[in-house]
Structure formats: C-alpha cells, structure tokens
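The values are calculated or read from the model by the stated rules, or taken from the named source; none is laboratory data. Not measured: the values here are computed from a predicted model. Methodologically, a virtual Cβ is constructed for each residue, glycine included, from the backbone with ideal geometry; neighbour enumeration extends over all protein chains shown. Each accessible area value is taken on the protein alone, full model and side chains, heavy atoms only, with ligands, DNA and RNA left out. Shrake-Rupley method; radii C 1.70, N 1.55, O 1.52, S 1.80 Å.
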Amino acid sequence: MIGREPLLLLTVGAVLLVLSGIGPHDRTTWLLEVAPILLATPILVGTARRFPLTPLAYRLIFVHALILMLGAHYTYSEVPLGFWMGRVFGFARNHYDRIGHLAQGFVPAIVVREILIRRSPLESGKWLTFLVLGVGLAISALYELVEWWAALIGGERADAFLGAQGDHWDTQWDMFLALLGAASALLLLSRLHDRQIARIEETSHV
C-alpha cells in the first residue's frame, strides 16, 4: 500500500504531467523529456510496499519530475524561467537546462545513497560517498549518450531535445553540474537523510 504523502505526490504529479502534455512546443521532444518519469513511476509504485523510500527521496523525485515536465512543455531552450534568469543575471543563453542537470545529480544521489545504505553493508563514509558520486556521474554520462543517439537518429529535429544552444562545451557542463548536484546533496542532506532512514527502518521492523 502506498503511503498518504507518496500517493498525494503521485496524484498531483500525474495531473501536472497531463497538463504539460497539452500543447507542448514539440510533441516528440515532450515525450523524450518525460520518458524518465514514465519509466521511473511504475518502478516506484511497484516497490512502494516492500521498499518504501524516505519522504525526502519522494519529495526530491517529485521536484525533479516538475523540472522535467516544465522543460518538456516548452523545450529547455524556451522555458520562461530561463529567459527571466537571463535578464536578471545577463546570461547569453537560456540556462534552465543547467537547473535540470544540477537536479539530475542532486536527486539520484539521495536515491542511490538510500538504496546502498539500506540494501548493502555500506555505511556513511568515504566509500559510500565515492560510489554515490560515481553513480551520479554514470547516470549523467548515460543521458549524454542518449542525447548523442537522438542526434544521430533525428538530426536537426533533435536540436530541441539536445538543448545545446550553440554551446560547444554543453556536454561537459552537463556532467559537471550533475557531479556538483550530487556532491551538494551529500553535503546538505546526509544528516537529515540518515535520520529518515533510521525512522523508516525502525517502522519496517515493528
């Protein structure tokens, strides 16, 4: 049975996903951008009973899904928030995709950390940090490979999905920001995460 808060997040997320798919800038790009949501949601629902995640993990996944939906609806190079950032900070390009890649490291870091702590002999320490950062970079690298494959298959039609906006260092920036996001998550949230893991483990043994 799914808990009350995860069920609420799932319901709100499903509604927002449908809304993001109404009149998107490009239907193919929308589908490609929300694909991680469509893949992850059945897994999360299917494992919610025997392996429920902490509230922190579910909330972060929800926020990440919102970032993906917004980018999918407008395409990352056309999101209004990115244009606003450009006006305020003087950016030469729409940097909304940078937020997406920062989240791409930040959110999976907490999920991976939780799985390793609860399902392996690892405890908080150097090896856990190393593995979480390594997996975060691997996820980012896999996503860059998917973008490359999309470019090979779709040609210019895949430009909206790639979102490079003429930046020759876009791939490197994407992976760096994912690494920075993962490291930031570990630095900022590890203590809170440990407390929530302890509570959920206590509950599961009652």
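Looking at region 3-20, which of its residues are open to solvent by less than 50 Å² (accessible area, probe 1.4 Å) and modelled with pLDDT under 95? Answer for region 3-20, where residues must be open to solvent by less than 50 Å² (accessible area, probe 1.4 Å) and modelled with pLDDT under 95: GLY3, PRO6. Cβ-Cβ distances below 6 Å connect the following pairs, each with a first residue in region 66-83 that is in contact (Cβ under 8 Å) with a residue 60 or more places away in the chain, a second residue that is aromatic (Phe, Trp, Tyr) and assigned to a helix (DSSP H, G or I), and a separation of six or more residues or different chains: TYR76/TYR96. From the set of residues in region 21-39 that are open to solvent by less than 40 Å² (accessible area, probe 1.4 Å) and not acidic (Asp, Glu), which is farthest from the chain's Cα centre (by Cα)? Filtering first and then ranking leaves PRO24. Flag: ALA72 matches the condition of being over 18 Å from LEU8 (Cβ atoms) and in contact with a Pro (Cβ under 8 Å, 6 or more places away or on another chain). If you go through region 16-60 and pick out every residue that is more than 30 Å from GLU202 (Cα to Cα), in contact (Cβ under 8 Å) with a residue 60 or more places away in the chain and not in a helix (DSSP H, G or I), you end up with 2.
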